[in-house]
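Report on the structure given below.
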Amino acid sequence: MRVARLHRYDTSLEGPEYLELEEIPDPTISEPDDVIIRIDGAGICRTDLHMIEGRFHDHIPARLPLTLGHENAGFVAAVGRGVQRFKLGDPVIVYPQVTDGTCLACRRGRDMYCENGEFLGLTRDGGFAEYLLTKERNLVRLPDGLSPRAVAPYAHAGLAAYYAVKRALRWLDPEDAVALIGGECLGQIALQLLQVLAPVRTIVIDRSERALQRAREFGATWTIQAGTEDDVVREVRQHTRGHGAAVVLDFVGEGSTPAQGLAMTRRGGAYFVVGYGGRLEVPTLELVTQEKSIIGNLVGTYAELTELVERISEGQMKGAVTYYPLAQVNHAVRDLRDGHVNGCAVVVP
Ligand SMILES: [Zn+2]
Ligand SMILES: [Zn+2]
């Protein structure tokens, strides 16, 4: 089968080629709970950029070459003899963490903390390929009529947005303001979720006028064109009677956004780090006197992915998707690097 693999890191994302297209043998079933998915589409997000940069290397060592792709959706193509819940041809979206299901973290429903977890496209082969080998435990059935490739980004980007929004609810009172840094893919999804889940005002911040235009179409209360650091923080304060936002959801987490994000968080509010890669320096005095919380967010749980699929099937989510053939995966990486993707990006084999 055709795959796109990472052979070596490119620490500054210079390119022009990042992943190599090659032919490898199709995966085969070896354990009773194995499943093989015929990939319909695999989302590509900033985590793939960070993989290519080698930023995970010291935290989550990967064996290269590795097939990237952690936002997978498609159709069941083969099942092990122990698989009971799925049959050939079922449309599915794939939870990205492969878990053992038996450790204490798994039993508490904290799939992301699994003591023996593996992550598709990060520590084992992912879905920038025609076929993906995973486990029955990872699959969430999609309702008929929903295109797997159109929802593939929800396996991670959408799930991370949902997880953060759900956790943010306890910081929010009606009419509070939520600032969203980054208005494409995750930002669009989070904005729509906030409208369903919380009676709040929303402020979407992005460099791209296209992203801001779409945010307004989706009902954002205010949009801010990201310019200088001070201007953005000042504008957020202007919209919030000088206080700042009760919750800031940072889907970028790089460059100037961590400092900005914390600065625009109001007293008693919470700054949610969803995108990552940058650094945050903060005087502890500020945390104490302002009682600000800084919340890290790691993907979300399997159960939350099933909740999200429910919302998608009810037609609550309408984010934009840009498709790239597998042969143009490096083009997708460049567009992502340069901020040129409209909505979420999906690679189609
Ligand atoms: Zn992702
Ligand atoms: Zn576990």
Note: the chain, point scatterers on Cα, Debye, no solvent; log10 I/I(0) at q = 0.06, 0.07, 0.09 Å⁻¹ equals -0.21, -0.28, -0.47
The alpha-carbon center of the range 130-206 and that of the range 54-94 are separated, in whole Å, by 20
Calculated from DSSP helices alone, with each H run of at least 4 adding -39500 (n - 2.57) and the total divided by the residues of the chain, [θ]222 nm to the nearest 500 comes to -7500 deg cm²/dmol
Full extension between residue 323 and residue 285 adds, at 0.36 nm per residue less the Cα distance, a length in nm of 9.0 nm
So the carbon and sulfur contribution to the accessible area of the range 159-296, 1.4 Å probe, in percent, is 48
Filtered hits (aspartates and glutamates, Cα-Cα < 15 Å from residue 87, offset >= 8 within chain) -> 33, 34, 136, 144
Here, trypsin sites (Lys or Arg not before Pro) of the range 218-279 satisfying both criteria (DSSP loop; at most 14 other Cβ within 10 Å) are 241, 279
Output for the range 1-84: GluC sites (Glu not before Pro) sitting in coil per DSSP, at most 14 other Cβ within 10 Å, listed by number, reads 14, 17
Counting only DSSP loop positions in the range 273-331, the GluC sites (Glu not before Pro) whose Cβ has at most 16 other Cβ atoms within 10 Å are 281, 291, 314
accessible surface per residue for the chain, probe 1.4 Å, DNA/RNA/ligands not counted, whole Å² -> 44
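The values are calculated or read from the model by the stated rules, or taken from the named source; none is laboratory data. Everything numeric in this text was worked out from a predicted model, so none of it was measured. Neighbour counts run over all protein chains shown; Cβ positions are idealised from the backbone, glycine included. Ligands, DNA and RNA are stripped out before the accessible areas are found, and what is left, the full protein with its side chains, is counted by its heavy atoms. Shrake-Rupley method; radii C 1.70, N 1.55, O 1.52, S 1.80 Å.
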